[in-house]
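*Asks:* Before I ask anything, here is the structure I am working with.
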Amino acid sequence: MDLLIRGGRVVDPGQVDGLADIYVREGRIAGIQRGGSNEAPPAGCRVIEARDRWVVPGLVDLHVHFREPGHEYKETIATGSRSAAAGGFTSVCTMPNTDPVNDCAQVTAFILGQAKAAGLVRVHPAAAVSPGSLGKGLTEFGELAAAGAVAFTDDGRPVVNSLLMRRALEYASAFDRPIIAHCEDPDLSAGGAMNEGPVATRLGLSGIPNAAEAVMVERDLALCALTGGRLHVAHVSTREAVRAIRQAKARGVRVTAETAPHYFSLTDEAVGNYDTNAKMYPPLRSQADREAVIEGLADGTLDAIASDHAPHSSIEKEVEFDQAANGIIGLETSLGLGLKLVAEGSLSLERLIDAMAIQPARILGLPAGLRTGQPADITIIDPGMPYTVDRAKLCSRSRNTPFSGWELKGRAVATVLGGRISYALEA
């Protein structure tokens, strides 16, 4: 069925920002008419009235954990896809730390098959750098790329061996794939439960210093410069890492980077009285780090916003803080938290859409923006809609969010995947 999205403010950074109609035919964008049209739509065409709403390229999350195969009690590809569509996402990149690890073509194919069966978002698997993500040797990059892997990473674990990281950057270049780096010095972070600082001291918890991230970022930047490979730094949380990435970009190093909404929305004070929903890795940092992350997003040092959606059940979270699993769910709160930065004047709307749709797509080598002939992956946002985050009403199978009860404004009301509505907010 043809589709007409009519009368919305179309925002495609660097291309269009204004009232326009978008015509969709056979799952692809057939045309964008600026200023809109008063003509009647073709017979049989479905119409979405988008007046007072923003129509943007489908959001892309380049860092999620869907837990399948192996830990389906936390999340499945189907439930994760539903959560993504509800958050306004049309594409996601899944991390390989499943059980078994996505380190071979068979697991990649399984993930893609499950995603196709769900049919709610485009799932692009990242494959492991090393077999089992154990940091010993490289996986078969060529075989995995041919199977559909869009990037390589041992996310959840750092690639500690510098020579292995060098070889990974070199080898991935042959397939034009980025290495997504989990930057952590495990000797500096060992035993830590939260950010090193006054809050950890008050709570009597072992701390993780900023240097645990910054040291490994500096190493990986040096290896990226040496090899000419494509490095993408995951979940940046510290001011030192932001500074290092900014300086590396100025030198021409081929690096991109992401941060997550929790790093620009929260500080380590959110741990409060040992709230395990505020436990993640990297940990929540100081106010100075939070401000540096926001500045890095605003000036483009940090290219993208990624949720690092990490579902856990109560089994892993309702335990002593230092024993609790790291991570929070984030697909359904990412957009609202990003729009909060826009409302506060910390980020322009165009930069937010750039960070949540255009740059993630480019990093992963996917079609970016709203272009005639491209798949009609589109997100429709009601910018004035207030709502309260309620963990009980989220689509994810898990409930581990620190944002339950937060008042946010602006959310995705419809997600269009290949011209088909994969999510529509109930009135």
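*Asks:* Filter segment 396-407 for residues that are surrounded by fewer than 19 Cβ atoms within 10 Å (Cβ to Cβ) and touching a Phe, Trp or Tyr at 6+ places or on another chain (Cβ under 9 Å) and give the result.
*Replies:* E407 - this is the single residue of segment 396-407 that is surrounded by fewer than 19 Cβ atoms within 10 Å (Cβ to Cβ) and touching a Phe, Trp or Tyr at 6+ places or on another chain (Cβ under 9 Å).
*Asks:* Condition test on V242, is it among the aliphatic types (A, V, I, L, M), in contact (Cβ under 8 Å) with a residue 40 or more places away in the chain and in a loop (DSSP other than H, G, I, E, B)? Write out each step before concluding.
*Replies:* Details: among the aliphatic types (A, V, I, L, M): yes; in contact (Cβ under 8 Å) with a residue 40 or more places away in the chain: yes; in a loop (DSSP other than H, G, I, E, B): no.
No: the conditions fail for V242.
*Asks:* Here's a follow-up. Of all the strands (runs of 3 or more DSSP E) wholly in segment 343-427, which have at least 2 residues that are farther than 19 Å from I5 by Cα and not assigned by TED's automatic domain parsing to the domain that holds E291? Working first, answer last.
*Replies:* Values: elements: 378-388, 407-417, 420-424.
Ranges flagged: 378-388, 407-417.
*Asks:* State yes or no: is A127 surrounded by fewer than 24 Cβ atoms within 10 Å (Cβ to Cβ), touching a residue at least 12 places away in the same chain (Cβ under 8 Å) and of a type in the set (G, A, S)?
*Replies:* On the way: surrounded by fewer than 24 Cβ atoms within 10 Å (Cβ to Cβ): no; touching a residue at least 12 places away in the same chain (Cβ under 8 Å): yes; of a type in the set (G, A, S): yes.
No: the conditions fail for A127.
*Asks:* Sort out which residues of segment 190-222 are in contact with a helix residue (DSSP H, G or I) (Cβ under 9 Å, 6 or more places away or on another chain) and hydroxyl-bearing (S, T, Y), and write them in order of number.
*Replies:* S206
*Asks:* Applying the selection to segment 139-163, what residues are hydrophobic (A, V, I, L, M, F, W, C) and either at pLDDT below 95 or surrounded by fewer than 17 Cβ atoms within 10 Å (Cβ to Cβ) (or both)? Break it down stepwise before answering.
*Replies:* Step one: filter segment 139-163 for residues hydrophobic (A, V, I, L, M, F, W, C), giving 141, 144-147, 149-152, 159-160, 163.
Of everything in segment 139-163, those that are hydrophobic (A, V, I, L, M, F, W, C) and either at pLDDT below 95 or surrounded by fewer than 17 Cβ atoms within 10 Å (Cβ to Cβ) (or both) turn out to be A146, V160, L163.
*Asks:* Name every residue in segment 103-162 that is within 15 Å of I77 (Cβ to Cβ) and not in a helix (DSSP H, G or I), in order of residue number. Lay out the reasoning, then the answer.
*Replies:* Going through segment 103-162, the residues within 15 Å of I77 (Cβ to Cβ) turn out to be 107-126, 148.
The answer is G119, L120, V121, R122, V123, H124, P125, A126, G148.
Let's see how each residue does on (1) crowded, with 21+ Cβ neighbours inside 10 Å; (2) in contact (Cβ under 8 Å) with a residue 40 or more places away in the chain; (3) closer than 20 Å to I378 by Cβ; (4) not aliphatic (A, V, I, L, M):
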residue: M280; (1), (2), (3), (4): yes, yes, no, no
residue: T301; (1), (2), (3), (4): yes, yes, no, yes
residue: D308; (1), (2), (3), (4): yes, yes, no, yes
residue: P311; (1), (2), (3), (4): yes, yes, no, yes
residue: E332; (1), (2), (3), (4): yes, yes, yes, yes
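*Asks:* Moving on. Can you name every residue in segment 63-83 that is under 22 Å from Y281 (Cβ atoms) and not in a helix (DSSP H, G or I)?
*Replies:* At the first step, the residues of segment 63-83 found to be under 22 Å from Y281 (Cβ atoms) are 63-68, 70-71, 73-75, 80, 83.
Hits for segment 63-83 are H63, V64, H65, F66, R67, E68, G70, H71, Y73, K74, E75.
*Asks:* Does V60 satisfy the condition of being assigned to a strand (DSSP E or B) and surrounded by fewer than 24 Cβ atoms within 10 Å (Cβ to Cβ)? Walk me through how you get there before you give the answer.
*Replies:* Working: assigned to a strand (DSSP E or B): yes; surrounded by fewer than 24 Cβ atoms within 10 Å (Cβ to Cβ): no.
When the stated conditions are applied, V60 does not pass them.
*Asks:* Further, regarding this structure: At least 3 residues that are under 18 Å from H65 (Cβ atoms) in each: list the helices (runs of 4 or more DSSP H) lying fully within segment 246-342 that qualify. Lay out the reasoning, then the answer.
*Replies:* Working: elements: 261-265, 287-298, 314-317.
Where helices (runs of 4 or more DSSP H) fall fully within segment 246-342 and carry at least 3 residues being under 18 Å from H65 (Cβ atoms), they are 261-265, 314-317.
The values are calculated or read from the model by the stated rules, or taken from the named source; none is laboratory data. Worth saying up front: this structure is predicted, and the values here are computed from it rather than measured. Because the Cβ atoms are built from the backbone with ideal geometry, glycine has one as well, and the counts that use them run over all protein chains shown.
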